[in-house]
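Read through the structure below, which is laid out as structure tokens, and then see the notes.
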Amino acid sequence: MADITDQKERSFPKIEFTDSEAGALTFPSSKSRTYNYFKPAKLRATMYEDVTVDVQPDPARYLTQGWIYGFGNGPGGYPHDWTAAKSSNWHQFLDPNEEWEQTIYRNNSAVVRQVSLCLENAKRAGAYNHWNHPWSNFIARNLGAWMHAENGMALHVFTSIQRSCPTNMINNAVAVNAAHKMRFAQDLALFNLDLSESELDFDGDAHREVWQNAAEWQPTRKVVEELTATGDWAELLFATNVVFEQLVGQLFRSELVMQIAAKNGDYITPTIVGTGENDYNRDSAYTRALFQMLVRDEENGAANKELFNGWLAVWVPKCLDAATALQPIWSQPADKVRTFAESLDAAKEKFSQLLEEIGLDIPKELNK
């Protein structure tokens, strides 16, 4: 019987402690029982920060193995060169509205209830019976046409942008923007349907012909279609929320429809259009915060400002042409509360204020 001591020593794989890179890093609150991989804006993280910040992993911050997915024969994750704008820290942006999944459902459901009650009460009270023909024709043609602009921006502008942004915080804000536009376009469509089914002399199909062929709407349609063909996501957001919405969107919604509806015996349309204006108020807030951050960036601020002024040179003339072409619709309602020149001056003033808040130069075209 062989001596047990003569047997060869067995070989086993040696245990090697690799110390996972992600778990070994030191980050804010890493020694706390309740920690975050980021530094909250205030003493404690808000719910928005907890569910949004760093949900989309970025290898430039915490992951050393690269993006967890990518594109075939192309860059991985969310390439920064999808825009000419530069930031020393894209993750610095936090939505001032603190929008995330719960808030978008809560806020939009509240608006839907408001619009639904408004339309139900209008039908019950026979509110449309007091409309004159010029006003019902104005709504059928022009508010119906604007529905196409809102729908185009929802589907082909903001839905496109939200896939290209480099952080989850920007993506969330833009995705909410897309939902706002889609909901508002649907509200206008339902309003059009209600009016078509009422006893009012209302042409519910007029908006198609107006959007496709009416001379006053073709420059607006052209700008919307050119926006959808813009590849740089930051330029697309800038051109839409900073330029187009100020010079065309608010000009039509706020400086025309909201101003003259009541004088023409219509208290329903301002309620519906007002929800779109409230949406833009919120969307303008996150847009202003984002571009302020880029203009004030210590490393890239000057270059970004020059870039944005170049974008203004491209899009301001186009949007002013679209705004000017809409002038004839100011004369269509029976009761004309304000002139086109007054409305355009108000839109230009608000646009200039927004540019000053961002930190950009006022285009010379606004002084003409």
Next on the checklist: With angles folded into 0 to 90 degrees, how steeply does helix 168-197 sit against the dominant principal axis of the chain? Use alpha carbons for both and round to 10.
Outcome noted: 30 degrees
Next on the checklist: Just to check I understand the Karplus step: with θ = phi - 60° and J = 6.51 cos²θ - 1.76 cosθ + 1.60, what whole-Hz values come out for region 76-93, glycine and proline as x?
Outcome noted: x, x, 10, x, 6, 7, 6, 9, 7, 5, 10, 9, 6, 7, 4, 6, 5, 6
Item to check | Additional length obtainable on full extension of the chain from LYS123 to ALA285, 0.36 nm per residue less Cα span | outcome: 54.8 nm
Checklist entry - When you count, for each residue, the other Cβ atoms within 10 Å and take the mean per peptide, how do 56-62, 87-93, 287-293 rank with the highest first? => result 287-293, 87-93, 56-62
Checklist entry - What residues qualify as long-range amide H neighbours of GLY70, i.e. H under 5 Å apart, gap of 5 or more or another chain, H built at 1.01 Å from N? => result GLY77
Item to check | Charge dipole magnitude, Cβ of K and R +1, D and E -1 - the chain, Cα centre, debye nearest 20 | outcome: 440 debye
Checklist entry - Which residue fluctuates the most in the chain, going by a Gaussian network model with Cα springs under 10 Å, if the choices are ASN129, ASN177, ASN264? => result ASN129
Item to check | Given (1) 1.28; (2) 1.43; (3) 1.00, the label whose value is Cα Rg over 2.2 N^0.38 Å derived from this model | outcome: (1)
Checklist entry - Which ³J(HN,Hα) values, rounded to whole Hz and listed in residue order, are derived for region 199-205 from phi using the Karplus coefficients 6.51, -1.76 and 1.60 in 6.51 cos²θ - 1.76 cosθ + 1.60 with θ = phi - 60°, glycine and proline given as x? => result 7, 5, 6, 9, 8, x, 9
Item to check | Most mobile of HIS148, HIS156, HIS130 in a GNM of the chain (Cα contacts under 10 Å) | outcome: HIS130
Checklist outcome for this item: So the angle from the long Cα axis of helix 269-295 to the longest Cα principal axis of the chain, reported in degrees to the nearest 10, equals 40 degrees
Checklist entry - Over region 99-367, what relative contact order in percent results from Cα pairs under 8 Å that are six or more residues apart? => result 24 percent
Checklist entry - For ALA110 and GLU365, what does the FRET efficiency come to when R0 = 56 Å and r is the distance between their Cβ atoms, rounded to the nearest 0.05? => result 0.90
Checklist entry - Can you work out the FRET efficiency for the pair ASP321 and TYR37, with r the C-beta to C-beta distance and R0 = 51 Å, to the nearest 0.05? => result 0.60
Next on the checklist: Give me the one-decimal nm value for the distance between modelled label points at LYS336 and ASP81, 7 Å along each residue's Cα-to-Cβ direction.
Outcome noted: 5.4 nm
Checklist entry - Which of the lysines could be linked to LYS39 by a straight reach, that is with a Cα gap under 19 Å, when you skip same-chain ones fewer than 8 residues away? => result LYS31
Item to check | Those lysines that a straight Cα-Cα span of less than 18 Å connects to LYS364, excepting residues fewer than 8 apart in one chain | outcome: LYS305, LYS318, LYS348, LYS350
Checklist outcome for this item: Taking placed amide H atoms and a strict 5 Å upper bound, the residues 5 or more places from GLN56 or on another chain that come that close are ASN168
Checklist entry - With point charges of +1 on the Cβ of Lys and Arg and -1 on the Cβ of Asp and Glu, referenced to the Cα centre of the chain, which listed residue (ASN309, GLN218, ALA110) lies farthest in the positive direction of the dipole? => result ALA110
Checklist entry - Using 1/(1 + (r/R0)^6) with R0 = 30 angstrom and r between the beta carbons of GLN259 and GLU226, what's the FRET efficiency to the nearest 0.05? => result 0.60
Checklist outcome for this item: Nearest 10, in degrees from 0 to 90: the angle of helix 301-325 to the longest Cα principal axis of the chain is 30 degrees
Checklist entry - If each of ASN132 and ILE68 carries a label point 7 Å out from its Cα toward its Cβ, how far apart are those two points in nm? => result 6.3 nm
Next on the checklist: Can you tally the net charge around ASP297? Count Lys and Arg as +1, Asp and Glu as -1, for every other residue whose Cβ sits under 12 Å from the Cβ of ASP297.
Outcome noted: +1
Item to check | Spacing of the two label points (7 Å from each Cα toward its C-beta) at ASN278 and ASN309, in nm | outcome: 3.9 nm
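Coordinate-derived values only; no laboratory data. What you see is a predicted model, and the numbers here were worked out from it, not measured in a lab. Ideal geometry is used to build each Cβ from the backbone, glycine not excepted, and the neighbour counts take in all protein chains shown.
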